[in-house]
Structures are given as C-alpha cells and as structure tokens.
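The numbers here are math on the coordinates, done by the rules we state, and not lab data. Nothing here was measured: the structure is a model prediction, and the numbers come from that model. Cβ sites come from the backbone with ideal geometry, for glycine too, and all protein chains shown count toward neighbours.
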Amino acid sequence: MGFRKDFAWGAATSSYQIEGAAYEDGKGWNIWDVFCKEEGRIFSSHTGDIACDHYHRFREDVEIMKSLGMKAYRFSINWARILPMGEGKVNEKGIMFYSDLIDALLEGGIEPFITLYHWELPYELYKKGGWMNEDMVTWFGEYAALVSERFSDRVTHFFTLNEPQCFVGLGFLEGVHAPGVTAPVRDTFTMSHIALKAHGMAVKQLREHAKQDIFVGYAPTGTMSYPDSDKPEDIEAARLHLFSLPDDLSQWTWNVSWWSDPVVFGEYPEEGLKKYREYLPTITKDDMKLISQPIDSYAQNIYNGHRIRMGADGKPEMVKRYDGFPKTALDWPVTPECLYWGPKFLYDRYQLPIYITENGLSCHDTVSVDGQVHDPNRIDFLYRYLKCLKQAAEDGSDIKGYFQWSLMDNFEWHSGYAERFGLVYVDYHTQKRIIKDSGYWYKKLIESNGDILI
Ligand code: IFM
C-alpha cells in the first residue's frame, strides 16, 4: 500500500519565474517582460529579467535535483524564446536551451514534464488580440506542434495550460497579473472559451507530431472543498461545493467545473450555462469536440481548501475558520485535508489518473548563522499534506505523481521576490543556491516512496 511504485516525485517551476535571460539569444518579449516594466505593478519593481538565472545555471539546478533524488521535473517553455513572434520563424538558440535542459535531466535520471503555457504569452500575439483572438487556437496549435516535433523524441509527458483560472482571472478581471487589464466580464468568457479550444488543438498537435507515444494532460487550479465531518451529508456537501460555480461575476474564474468539465466531458456544466448565459460567446458542437480531445491524466494544482458542511437549508455551507487558524507567509490557510478530498472528488468525477502538478507554501526563509536554511514549517506542511495524499491513494484514487511548488525560490508574480516557495533557497545577489532542510527531508521522502509518512 501507499504510493504506486512508479510514483513521479518531483518539483515544478515556470520559465518566467526562474529563467531570466529575458533579452538574450533572440528571445522575443512576452506580456510579463512588458508588464513588469510598468510602474506600480510589481512589488518593489522587481522583474523576471534575471530571476534565478536558470538559463545560464540550469546544469547546476539539474545537479541539485539529482542530489535530491527527484524522479521528475515539471517546467514550462517560454513560448517567445522558441518563437519570438509567437508564430512563424523558430529561434534555434531557444530550442537548444530546452533541448540541453532535457538531455541533462535525462542523463540525471529525471523525467521531464513540459508545460506549454504557464502565462508567458508572446507580446506580439497579445498585440494581435491575444486570448480574444480566435487565431490563438491556431497559434497555440502550431507552437504545440513545434514543441512535439523537437522534443517528443525524448519527452513523453506534456501539460497544455497551467491555471487558466489565473491567467484569465488575475490577468483580465482583477488586472493584477500581466497584461493588467480589467476587461468586461463577457470578454473573459470569450477568452476562456478560446483558451479551452487552444488546449484541445494543442492536444491534437502534440499527438500528431509526436515521435513516440506521449501522455498529455492539463493543469488547472482551484480551491478544494473538504467535509466538516465524516457524515455522508457533509461529504456530499463538500463535493457539491467543489464543483459549483460562483455567483459573483468578479470571481467567476475561481472554480473547477467550468474549466474541467468541457475538457473531460465535452460539456460545460449546466449550472454555468444558466448562470452565465448572458455573457457567453457562441459555443458550437465542433468547439466542444475540439476542447474534449482525449487526455491521459487529470492534473490539478492544489494549495488549500474550504471546510464545508450541509446547511439546514440542504445547501453546502462554509464553516468559518477559527481565530488564529494556521496560515502560510502569504496568508494562505493550511488545510492538509484538501490533498485527500480534492484528488478523491476529482478522481470520482473525472475518472482519470491524477497528478498534483503544484502544491507548497511560501515561508519567511532566511539563512541562519550556520549557513543553512531551516524551514520546519515547510516540512510540517509537506508532511501533513502528503500524508493526506497517501491516504487518498490508499483509498483508491489513482494518483500518479506529485510536483512540489517549487524547486527553488523564484519570482512570485506581483509579489516579486518577496515570497519564497522553494525547496532550495536562492540568494538573488549572488545566485547562490542553498538546499533548505525541507529539500533534504523531501529527498528522504522520495527514497522511502512516502513510507516515512506514518
Ligand atoms: O508561483 C505560482 C505559480 O506560478 C502558479 N501557481 C501558484 C504558485 C504560487 O503562487
């Protein structure tokens, strides 16, 4: 019992958050390169121009992963690094960077998992309308074809979109992420539909151009729901709550089913079709067929959840958190139960093998007088969360892998470098890496395939 023998123990990053080299070797600009230059957008005017300088230091970073015994690494490709205009001419130097990274990972016995889109929209495509432009479906498909053409001889795992909830919600409703727009709600539904079609097109193109059998998934995010008690009615309330849709239109992107039912079932949830009717674009049968190209796994980024019980009115209700509820440095609640109930509810509904493509926390990590980084809170968090995940696996949910967010401290979007999510500490002045205590703990966990979680 416990985790499956071939469990993919890994860590995740994204290109803008770690690579740097923003203007080198023919890379084109993306919306984050532009957004970070705008005054007042990012904490202390930080940018990803240098970030963790991973572009130049990737071999050292792979060595660190190797030393930690990682089995898998999830990274994203910076679209404009390989297609500077977003389409058309290929930048061979960009291709070479990812190719070398892949080779180094494979030499180190680490399975590469590629994410196509972790929010790095080429600026040239944004100028043409970006996610509002139907051509995005073609452009994203061509980009996916190129990635498959060049890398699928060695890479067999791909994810299409990372957290569409965020790049639409934070980027175009709240406007706190690039490109920093507060668009009409109607436009955000159009973007979501185009993004889902782009996902479907990418699945097709990845497969059509693959050099061997590949596994394709999709990596949305969401706040999970977990029951207040083991009573069947509370469990049902939590399940209903997880797949329900917000009434508040300013929050509509924060849900699971609008983004995942179409991909897996080929249908938007009935509740949303009614609730959001007046804001929806035209949705055709052909669209839904494209969106629901078969995928091999269901991935989900999971950080926390709401405690839910069945209310006296027969509707799910949220249980208020008690005063002093545990929280991370970013003020996110610590709710390990979400890593039991989230995967369980998702597996029950979508019946696809599950990857946890992100999970982790930001801590106030510092280098101690002994030169080490002691982060007991992260170890405690991971222990609690992963114990729940293990239980979910033992109770029958097919869980194939777990990617800790993040391999190393990095550029945390509008919070800049103020938040530290890594298993590895990065000193941004010197680019020195220090493996945190949690990194060493994670190594032991991997070695035991989770058996140290008792
Ligand atoms: O850093 C982000 C990541 O890019 C997407 N998921 C959540 C992480 C922590 O905020």
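Only one entry of Ala299, Ala312, Ala238, Ala219 meets the criterion of being free of Cβ contacts under 8 Å to residues at least 60 places away in the same chain and among the small types (Gly, Ala, Ser), and that entry is Ala312. A single entry from Asp286, Asp313, Asp248 fulfils the requirement of being more than 16 Å from the ligand (Cβ to nearest atom), out of contact with any helix residue (DSSP H, G or I) (no Cβ under 9 Å at 6 or more places or on another chain) and within 25 Å of Glu134 (Cα to Cα): Asp286.
Quick check on segment 215-236: of everything there that is part of a loop (DSSP other than H, G, I, E, B) and in contact with a helix residue (DSSP H, G or I) (Cβ under 6 Å, 6 or more places away or on another chain), which residue is nearest to Leu352 (Cα to Cα)? This residue is Pro220. Taken as a whole, the structure leaves Phe140 outside the set of residues that are closer than 22 Å to Ser260 by Cβ and in a strand (DSSP E or B).
Name the residue that is farthest from the ligand (Cβ to nearest atom), counting only residues in segment 163-201 that are over 25 Å from Glu278 (Cα atoms) and more than 17 Å from the chain's Cα centre (by Cα). The residue in question is Met201. Among the residues of segment 352-371, those identified as free of Cβ contacts under 8 Å to residues at least 60 places away in the same chain and more than 16 Å from the ligand (Cβ to nearest atom) are Pro353, Ile354, Thr366, Ser368, Val369, Asp370. When segment 101-141 is filtered for residues that are charged (D, E, K, R), touching a residue at least 60 places away in the same chain (Cβ under 8 Å) and over 19 Å from Asn162 (Cβ atoms), the ones remaining, listed by number, are Glu124, Glu134. Evaluating Pro294 against the criteria (1) surrounded by fewer than 19 Cβ atoms within 10 Å (Cβ to Cβ); (2) within 16 Å of the ligand (Cβ to nearest atom) leaves one unmet condition, (2).
Listed here are the residues, each with its yes/no results for (1) of a type outside the set (Lys, Arg); (2) closer than 18 Å to Leu249 by Cβ; (3) in contact (Cβ under 8 Å) with a residue 24 or more places away in the chain; (4) assigned to a loop (DSSP other than H, G, I, E, B).
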position	(1), (2), (3), (4)
Val168	yes, yes, yes, no
Val181	yes, yes, no, yes
Arg186	no, yes, yes, no
Ser192	yes, yes, yes, no
Val203	yes, no, yes, no
Arg207	no, no, yes, no
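Picking from residues in segment 406-445 that are of a type in the set (Ser, Thr, Tyr) and within 11 Å of the ligand (Cβ to nearest atom), the one that is farthest from Arg57 (Cα to Cα) is Ser415. Considering only residues of segment 297-341 that are among the hydroxyl-bearing types (Ser, Thr, Tyr) and in contact with a Lys or Arg (Cβ under 8 Å, 6 or more places away or on another chain), which is surrounded by the fewest Cβ atoms within 10 Å (Cβ to Cβ)? Of everything passing the filter in segment 297-341, Ser297 is surrounded by the fewest Cβ atoms within 10 Å (Cβ to Cβ).
Check segment 107-115 and report whether any residue there is farther than 23 Å from Ser192 by Cα and surrounded by 24 or more Cβ atoms within 10 Å (Cβ to Cβ). Yes, segment 107-115 contains a residue that is farther than 23 Å from Ser192 by Cα and surrounded by 24 or more Cβ atoms within 10 Å (Cβ to Cβ). Each residue in segment 387-434 was checked for being among the polar types (S, T, N, Q), part of a loop (DSSP other than H, G, I, E, B) and over 27 Å from Trp119 (Cβ atoms), and 2 of them qualify. Against the criterion of being over 18 Å from Trp32 (Cβ atoms), touching a Ser or Thr at 6+ places or on another chain (Cβ under 7 Å) and either among the β-branched types (Val, Ile, Thr) or not in a loop (DSSP other than H, G, I, E, B) (or both), Phe159 qualifies. Scanning segment 166-200 for residues that are under 19 Å from Glu267 (Cβ atoms) and either in contact with a strand residue (DSSP E or B) (Cβ under 9 Å, 6 or more places away or on another chain) or of a type in the set (Gly, Ala, Ser) (or both) returns Ser192, Ala195, Leu196, Ala198, His199, Gly200. So which residues in segment 36-84 are more than 15 Å from Ile435 (Cβ to Cβ), in contact with a His (Cβ under 7 Å, 6 or more places away or on another chain) and charged (D, E, K, R), if there are any at all? Hit for segment 36-84 is Arg41, nothing else.
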